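The values are calculated or read from the model by the stated rules, or taken from the named source; none is laboratory data. Keep in mind that what you see is a predicted model, and the values were worked out from it rather than measured. Don't worry about glycine lacking a Cβ; one is built from the backbone with ideal geometry, like all the others, and counts go over all protein chains shown.
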Amino acid sequence: MAGRLAWNGCVVSVRCLVVDDNPDFLQAALRVLESGGITVVGATSSSAEALLRAKESNPDVVLVDIVLGAESGFDLARKLTTATGPRRAAVILISTYSEEDFMDLIVASPAIGFLPKGKLSARAFEDLVGEREEGGKRS
(Lines give C-alpha, C1' and ligand atoms only; values in the text may rest on other atoms or scores of the structure.)
Protein backbone atom coordinates (compact mmCIF):
# COMPACT_ATOMS: atom_id res chain seq x y z
CA MET A 1 0.00 0.00 0.00
CA ALA A 2 2.90 2.33 -0.81
CA GLY A 3 2.06 6.02 -0.92
CA ARG A 4 -1.26 5.43 0.81
CA LEU A 5 -1.59 6.06 4.51
CA ALA A 6 -4.15 6.29 7.22
CA TRP A 7 -4.62 10.06 7.33
CA ASN A 8 -7.27 11.64 9.52
CA GLY A 9 -8.99 8.28 9.79
CA CYS A 10 -9.04 7.54 6.04
CA VAL A 11 -6.66 5.73 3.70
CA VAL A 12 -5.43 8.33 1.24
CA SER A 13 -2.70 9.11 -1.25
CA VAL A 14 -0.15 11.48 0.30
CA ARG A 15 0.95 14.62 -1.56
CA CYS A 16 4.49 15.83 -0.89
CA LEU A 17 6.49 18.99 -1.64
CA VAL A 18 10.31 18.74 -1.50
CA VAL A 19 12.50 21.74 -0.61
CA ASP A 20 16.27 21.39 -1.04
CA ASP A 21 18.97 23.59 -2.58
CA ASN A 22 20.80 20.64 -4.17
CA PRO A 23 19.31 19.93 -7.63
CA ASP A 24 20.81 16.42 -7.72
CA PHE A 25 19.17 15.53 -4.41
CA LEU A 26 15.86 17.02 -5.57
CA GLN A 27 15.84 14.72 -8.58
CA ALA A 28 16.86 11.70 -6.50
CA ALA A 29 14.16 12.44 -3.90
CA LEU A 30 11.52 12.77 -6.61
CA ARG A 31 12.48 9.38 -8.07
CA VAL A 32 12.56 7.65 -4.66
CA LEU A 33 9.23 9.04 -3.49
CA GLU A 34 7.38 8.60 -6.77
CA SER A 35 8.66 5.04 -7.20
CA GLY A 36 7.22 4.36 -3.73
CA GLY A 37 3.81 5.64 -4.83
CA ILE A 38 3.98 9.04 -3.14
CA THR A 39 2.62 11.92 -5.20
CA VAL A 40 5.20 14.69 -5.43
CA VAL A 41 3.45 18.01 -6.11
CA GLY A 42 6.62 20.02 -6.59
CA ALA A 43 10.25 20.56 -5.81
CA THR A 44 11.99 23.83 -5.12
CA SER A 45 15.23 25.23 -3.75
CA SER A 46 14.11 28.40 -1.93
CA SER A 47 11.92 29.34 1.01
CA ALA A 48 9.96 31.94 -0.95
CA GLU A 49 9.10 29.50 -3.73
CA ALA A 50 8.31 26.76 -1.20
CA LEU A 51 5.77 28.99 0.55
CA LEU A 52 4.14 29.88 -2.77
CA ARG A 53 4.02 26.24 -3.94
CA ALA A 54 2.65 25.09 -0.59
CA LYS A 55 -0.22 27.56 -0.88
CA GLU A 56 -0.90 26.54 -4.49
CA SER A 57 -0.59 22.75 -4.20
CA ASN A 58 -1.74 22.21 -0.59
CA PRO A 59 0.62 19.28 0.14
CA ASP A 60 0.07 16.91 3.05
CA VAL A 61 3.79 16.77 3.80
CA VAL A 62 6.77 19.01 3.04
CA LEU A 63 10.32 17.65 3.16
CA VAL A 64 12.60 20.56 4.13
CA ASP A 65 16.39 20.57 4.04
CA ILE A 66 17.77 21.98 7.30
CA VAL A 67 20.40 24.02 5.45
CA LEU A 68 18.99 25.79 2.37
CA GLY A 69 22.07 27.72 1.31
CA ALA A 70 21.91 30.94 3.32
CA GLU A 71 18.38 30.14 4.51
CA SER A 72 17.32 28.11 7.53
CA GLY A 73 15.10 25.08 7.08
CA PHE A 74 13.95 25.59 10.68
CA ASP A 75 12.63 29.06 9.82
CA LEU A 76 10.90 27.65 6.75
CA ALA A 77 9.32 24.86 8.82
CA ARG A 78 7.78 27.46 11.14
CA LYS A 79 6.53 29.54 8.22
CA LEU A 80 5.05 26.51 6.46
CA THR A 81 3.11 25.35 9.49
CA THR A 82 1.50 28.77 9.87
CA ALA A 83 1.13 29.60 6.16
CA THR A 84 -0.72 26.45 5.15
CA GLY A 85 -3.77 27.33 7.23
CA PRO A 86 -6.04 25.08 9.26
CA ARG A 87 -5.10 21.99 7.25
CA ARG A 88 -1.44 22.34 8.04
CA ALA A 89 1.14 20.45 6.06
CA ALA A 90 3.33 18.18 8.15
CA VAL A 91 7.01 19.09 7.88
CA ILE A 92 9.81 16.53 7.88
CA LEU A 93 13.31 17.94 8.21
CA ILE A 94 16.06 16.32 6.12
CA SER A 95 19.84 16.73 6.04
CA THR A 96 23.16 15.13 5.24
CA TYR A 97 24.26 16.26 8.70
CA SER A 98 23.79 13.98 11.67
CA GLU A 99 20.56 14.30 13.61
CA GLU A 100 22.61 14.79 16.77
CA ASP A 101 24.11 17.97 15.29
CA PHE A 102 20.68 19.61 15.36
CA MET A 103 18.76 17.60 17.99
CA ASP A 104 17.69 20.56 20.17
CA LEU A 105 16.53 22.55 17.14
CA ILE A 106 14.67 19.58 15.65
CA VAL A 107 12.83 18.91 18.90
CA ALA A 108 11.94 22.62 19.27
CA SER A 109 10.71 22.87 15.67
CA PRO A 110 7.15 22.23 14.48
CA ALA A 111 8.44 19.36 12.31
CA ILE A 112 7.03 15.89 12.90
CA GLY A 113 10.50 14.40 12.61
CA PHE A 114 13.84 14.10 10.86
CA LEU A 115 15.13 11.86 8.08
CA PRO A 116 18.77 11.63 7.05
CA LYS A 117 18.98 12.20 3.29
CA GLY A 118 20.89 8.94 2.84
CA LYS A 119 18.00 6.99 4.39
CA LEU A 120 15.17 8.65 2.47
CA SER A 121 12.77 6.03 1.19
CA ALA A 122 9.04 5.79 0.70
CA ARG A 123 8.91 3.43 3.70
CA ALA A 124 10.84 5.80 6.02
CA PHE A 125 8.63 8.66 4.83
CA GLU A 126 5.47 6.64 5.47
CA ASP A 127 6.66 5.57 8.92
CA LEU A 128 7.17 9.19 10.00
CA VAL A 129 3.92 10.43 8.47
CA GLY A 130 2.02 7.50 9.98
CA GLU A 131 3.25 8.50 13.42
CA ARG A 132 1.67 11.92 12.95
CA GLU A 133 -1.72 10.20 13.06
CA GLU A 134 -0.71 8.60 16.34
CA GLY A 135 0.30 11.99 17.77
CA GLY A 136 4.00 11.25 17.99
CA LYS A 137 7.09 13.16 16.97
CA ARG A 138 10.03 11.06 16.02
CA SER A 139 13.39 11.37 14.38
* Consider only pairs whose beta carbons are under 8 Å apart and that are at least six residues apart or on different chains; among these, list those whose first residue lies in region 34-57 and is within 12 Å of residue 83 (Cβ to Cβ) and touching a residue at least 24 places away in the same chain (Cβ under 8 Å) and whose second residue is exposed (fewer than 14 other Cβ atoms within 10 Å of the Cβ) and of a type in the set (A, V, I, L, M). => none
* Conditions (1) within 17 Å of residue 14 (Cβ to Cβ); (2) exposed (fewer than 14 other Cβ atoms within 10 Å of the Cβ); (3) of a type outside the set (Asp, Glu): number failed by residue 96 -> (1)
* Please work out if residue 17 is at pLDDT 90 or above, closer than 20 Å to residue 126 by Cα and part of a strand (DSSP E or B). => yes
* Asked: Looking at region 29-44, which of the residues that are under 13 Å from the mean Cα position of the chain (by Cα) and not in a helix (DSSP H, G or I) is surrounded by the fewest Cβ atoms within 10 Å (Cβ to Cβ)?
  -> 39
* To do: Tell me, please, whether a residue that is modelled with pLDDT under 90, of a type in the set (D, E, K, R), out of contact with any Ser or Thr (no Cβ under 6 Å at 6 or more places or on another chain) and part of a helix (DSSP H, G or I) can be found in region 95-102.
  => yes
* Might you let me know whether region 52-67 holds any residue that is charged (D, E, K, R), modelled with pLDDT of 90 or more, over 23 Å from residue 23 (Cα atoms) and not in a loop (DSSP other than H, G, I, E, B)? => no
